[in-house]
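Structure record follows, encoded as structure tokens.
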Amino acid sequence: MPHVTLVTTNEEAIIKLNNYKYHCVFVDNMLSEENGLTLAQYIRHSQDDKIQYIPIILCTAFTGFQSIVKARDAGVTEILAKPISPDQIMEKLHNALFNPRNFVITDHYFGPDRRRRIKMIAKDNEKRQTNSPVFEPSNKVNDVDEETP
């Protein structure tokens, strides 16, 4: 029967991860006085396959560009922005469990493929004949990371 295990420190989480099998891990970005990304990095760098590939859903109030990049680079599977709702939890959990992304293994990164969209490559005769605008990332001030002291 499925159940939820609640821990309050990274050390407790590591003990549980090493002793029990979990289908998904929810990590709070500010777990106690520790950073939840530290736990995500531990999971992704584990030598144990049953731990290394667990989907990680990060719960965070910090949704600035830098925070999202840090989470992505730590190998987080999904990001759940606070305040959260039951619908958002179910959506992220569904994506993590039933629409898993392939894992990427390089010298500098191990985790789910960071690309969200699958680009279909058209054959030469199917390519669009018109130029479409290119999306340029914003340099707005609100993209600054709020969690940096």
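Values quoted throughout were computed directly from the atomic coordinates according to the rules given, and no laboratory measurement underlies them. Given the structure is predicted, the values throughout are model-derived calculations rather than measurements. All Cβ positions, glycine included, derive from the backbone under ideal geometry; neighbour counts span all protein chains shown.
The table for this structure:
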item	result
Gyration tensor (alpha-carbon) shape descriptor, the range 10-118, a/c threshold 1.5	rounded
Within the range 1-47, GluC sites (Glu not before Pro) in DSSP loop having at most 13 other beta-carbon neighbours inside 10 Å	33
Backbone HN-Hα couplings from phi across the range 7-23 [Karplus 6.51/-1.76/1.60, Hz, Gly and Pro as x]	10, 10, 9, 4, 4, 4, 4, 5, 4, 4, 4, 6, 10, 9, 9, 10, 8
Label-to-label distance, nm, for residues given as residue 3 and residue 87 (7 Å Cα→Cβ offset)	3.2
Radius 15 Å from Cβ of residue 93, net charge of other residues (Lys, Arg +1; Asp, Glu -1)	-1
Fraction of antiparallel bridges per DSSP, the range 10-118 only, in percent to nearest 5	25
